[in-house]
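Let me begin by presenting the structure, written as structure tokens, before commenting on it.
Just so you know, all these numbers are worked out from the coordinates, no wet-lab data involved. From a predicted model like this one, the values you see are computed outputs, not experimental measurements. Counting neighbours? That spans all protein chains shown, and the Cβs are built from the backbone with ideal geometry, glycine included.
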Amino acid sequence: MVRKKTNIQKESFFQAGQELLQKVRKSETVCDADVRASWKRLEARLDRERTRKLRIRYGWSAVAASVALLLAVGVGFWVTERDDSAVSLSLLDKEVPALNENEVVLIAQNDRMQLKDESSVVYGEDGQADLKEQVVKKVSEPETKKKEETKINQIVVPKGRKVDITFSDGTKMYVNAGSRVIYPALFAKDKREIVVEGEVYLDVRKDPSRPFIVKTKEFEVKVLGTQFNVCAYEEDSEASVVLVEGKVEVQTETGNEKTTLAPNQLIAVSEGGTSVKEVDVFEYICWKDNMMLLNNRTVGEVVERLSRHYGRSIVCEADVANIPISGKLDLREETEDVVNILCQSLYLAYHIDENNRIVLTKK
């Protein structure tokens, strides 16, 4: 008889726990009042004739089970919010079928399109883009039976190329050389997400109801409406965000640290941690206007950036790499013209080796 009553109590406890689980699953945030109400119903179903000792024992067991349940569900929602997204970082692990590795490629559903350099891609409110004047070559794959609910597009910009994109919400993005951006043709109703590998400058259209989120392998940037630069090249030892105006929140992927930036601040993220400093933002965003500002740079750093911009290998000898340099370069010039200007200002020389590399040396 006692065993039968215990089984009934367990079934009653399990049923109440299931009701509580269903209530928690309806929302990421569990209302305290709902939890207390569910707990009271749980207690009511327990045998009121049990001894005080048994009640205490069952009470603590139920509390432990409830805490474990809420923790498990909470972690589930956290993982869902961070990773279970149509625009996930895992998309960066998928190889991009190339049309021409030296040209800009836009992938939209079943189409792969080679675009002109410095193309301007503008999406309408319906998520469609008029690309007639931009497309050089187009390859269409057979349509799959399963259609994705969210149309994910991807733009791959090789070294020596640049493009700009206006999203369906009016946000404008400039994509620098050697970069890759993954984004939906139409943003979701509750948030706007993109994935970046490389460097982009964003002028985000303000929308308080839909935060704009930029994901990289090093950090995540969350904004409502502002202008900022994101630099996260895979080959670089340091990634950064520079804020031009507004306010952004940067959360690192390693330590889950959150940092809020003010205008004219830069946050640098590396294996050694994070650091924030005041900067001249023009130095970090002038690339979109085909300029390179050189403040306290070294020749080694400059030729590395020039290589990426022009898509051509430019190197310097060891005794040249650490020479300091300041000034500015007009990147509208041809590669060798810019290198020649650099050499004249520093009394250097250059030659082209057997591998077609431009090599800077001392005279």
Original post:
Relative contact order of region 89-283: what whole-number percent is it, with Cα pairs under 8 angstrom and at least 6 residues apart?
Top reply: 13 percent
Original post:
Which value, in debye to the nearest 20, gives the size of the charge dipole of region 290-362 about its Cα centre, when Lys and Arg are +1 and Asp and Glu are -1 at the Cβ?
Top reply: 260 debye
Original post:
Taking R0 as 30 Å, what's the FRET efficiency between ARG312 and ASP207 from their Cβ-Cβ distance, rounded to 0.05?
Top reply: 0.15
**OP:** Just rank ARG308, ARG180, fewest to most, by other beta-carbon atoms within 10 angstrom.
**Re:** ARG180, ARG308
Original post:
Rounded if a/c is under 1.5, else prolate if a/b is larger than b/c, else oblate: which is region 89-283, with a ≥ b ≥ c the root eigenvalues of its Cα gyration tensor?
Top reply: prolate
Subject >> For region 129-241: rounded, prolate or oblate by the Cα gyration tensor [a/c cutoff 1.5] >> reply: oblate
Original post:
So, in nm, how far is label ASN322 from label GLN109 when the simple model puts each one 7 Å beyond its Cα toward the Cβ?
Top reply: 5.7 nm
Original post:
Suppose every K and R has +1 on its Cβ and every D and E has -1 on its Cβ; what is the size of the dipole of region 118-246 about the Cα centre, in Debye to the nearest 20?
Top reply: 360 debye
Original post:
FRET efficiency for LEU131 and LYS191, Cβ-Cβ distance as r, R0 = 30 Å, nearest 0.05?
Top reply: 0.70
Subject >> Between region 183-220 and region 340-363, the alpha-carbon center distance in angstrom >> reply: 40 Å
Original post:
So how much slack lies between MET291 and ASP337, counting 0.36 nm per residue of separation and subtracting their Cα-Cα distance, in nm?
Top reply: 15.1 nm
